[in-house]
1. Looking at the stretch A:72-101, which of its residues are of a type in the set (Ser, Thr, Tyr), open to solvent by 30 Å² or more (accessible area, probe 1.4 Å) and over 16 Å from A:Ile12 (Cα atoms)?
2. I'm told B:Ile34 meets every condition in (1) in a strand (DSSP E or B); (2) within 24 Å of A:Asn50 (Cβ to Cβ); (3) at pLDDT 90 or above; (4) more than 11 Å from the chain's Cα centre (by Cα) except one. Can you identify the failing condition by its number?
3. So A:Gly53 passes all but one of these: (1) at negative phi; (2) away from chain B (no Cβ under 14 Å); (3) of a type outside the set (A, V, I, L, M, F, W, C). Which condition number does it fail?
4. Out of the residues in the stretch A:102-112 that are assigned to a strand (DSSP E or B) and under 20 Å from A:Ser10 (Cβ atoms), state the one that is farthest from the other protein chains (Cβ to nearest Cβ).
5. Among the numbered criteria (1) within 26 Å of B:His108 (Cα to Cα); (2) among the hydrophobic types (A, V, I, L, M, F, W, C); (3) surrounded by 20 or more Cβ atoms within 10 Å (Cβ to Cβ), which one does A:Leu39 miss?
6. Would you point out the residue of the stretch B:27-73, among those that are among the small types (Gly, Ala, Ser) and surrounded by 19 or more Cβ atoms within 10 Å (Cβ to Cβ), that is nearest to B:Leu109 (Cα to Cα)?
7. If you take the residues of the stretch B:97-113 that are open to solvent by 20 Å² or more (accessible area, probe 1.4 Å) and closer than 14 Å to B:Phe33 by Cα, which of them is farthest from the other protein chains (Cβ to nearest Cβ)?
8. Taking the criterion of being among the hydroxyl-bearing types (Ser, Thr, Tyr) and more than 10 Å from chain B (Cβ to nearest Cβ), would at least one residue in the stretch A:19-30 satisfy it?
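The values are calculated or read from the model by the stated rules, or taken from the named source; none is laboratory data. Here the structure is a predicted model, which means the values were calculated and not measured. Every residue, glycine among them, receives a Cβ derived from its backbone with ideal geometry; neighbour counts consider all protein chains shown. We work out accessible area using only protein heavy atoms, side chains counted, and drop any ligands, DNA or RNA first. Shrake-Rupley method; radii C 1.70, N 1.55, O 1.52, S 1.80 Å.
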Amino acid sequence: IAGITQAPTSQILAAGRRMTLRCTQDMRHNAMYWYRQDLGLGLRLIHYSNTAGTTGKGEVPDGYSVSRANTDDFPLTLASAVPSQTSVYFCASSSTGSTEAFFGQGTRLTVV
Amino acid sequence: GENVGLHLPTLSVQEGDNSIINCAYSNSASDYFIWYKQESGKGPQFIIDIRSNMDKRQGQRVTVLLNKTVKHLSLQIAATQPGDSAVYFCAVYSGGGADGLTFGKGTHLIIQP
């Protein structure tokens, strides 16, 4: 089934630990995005990639890093997790120049 | 960056009635204005978009209106059904990259039987 897949679905993480959230799409979309969703704050862009090999910072990039080694995968890494990074994380992809982004089912991360 | 906001955090409507969800934006240079729907436990899903040079666009049971004079966007849902219960986000698109897709905070649409 074509789409975008995130893993894990949920995770409880001790503060200070390193964590990588995985995201894979099979639609051959050039653009990929990571958002975090917090109650009352909507969706905020963390990092984005317009094409394989390039990445850029969004609205709230601090504490996060990404890589885009190929078209399909766009992992998000928390180098040293802090409680303020407790959130629901969504990965999305879209064709270049398209307003229609396809979202994964989300990863619920709790940092304790 | 773009400032995208909604007028109400929660909207309650009777099943069968029409729903109107509103949104205000700040950047007049945005190319497209978009509505997304997010059902509980799922990621947002694209509903409809409207180009900045248009005033109205219709889809299946949905209509989006754009008033550039007052920087206002609305989503109208005809004959609201239980399956329409969700959080609705307006978003603006100004090209790729960091300004590509900026979301508002969302309105929770509640359908009453």
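1. A:Ser95, A:Thr96, A:Ser98
2. Here B:Ile34 clears every test but (4).
3. Here A:Gly53 clears every test but (1).
4. For the stretch A:102-112, the residue satisfying everything is A:Val111.
5. (3)
6. Top of the filtered list is B:Gly43.
7. It comes out as B:Asp99.
8. yes
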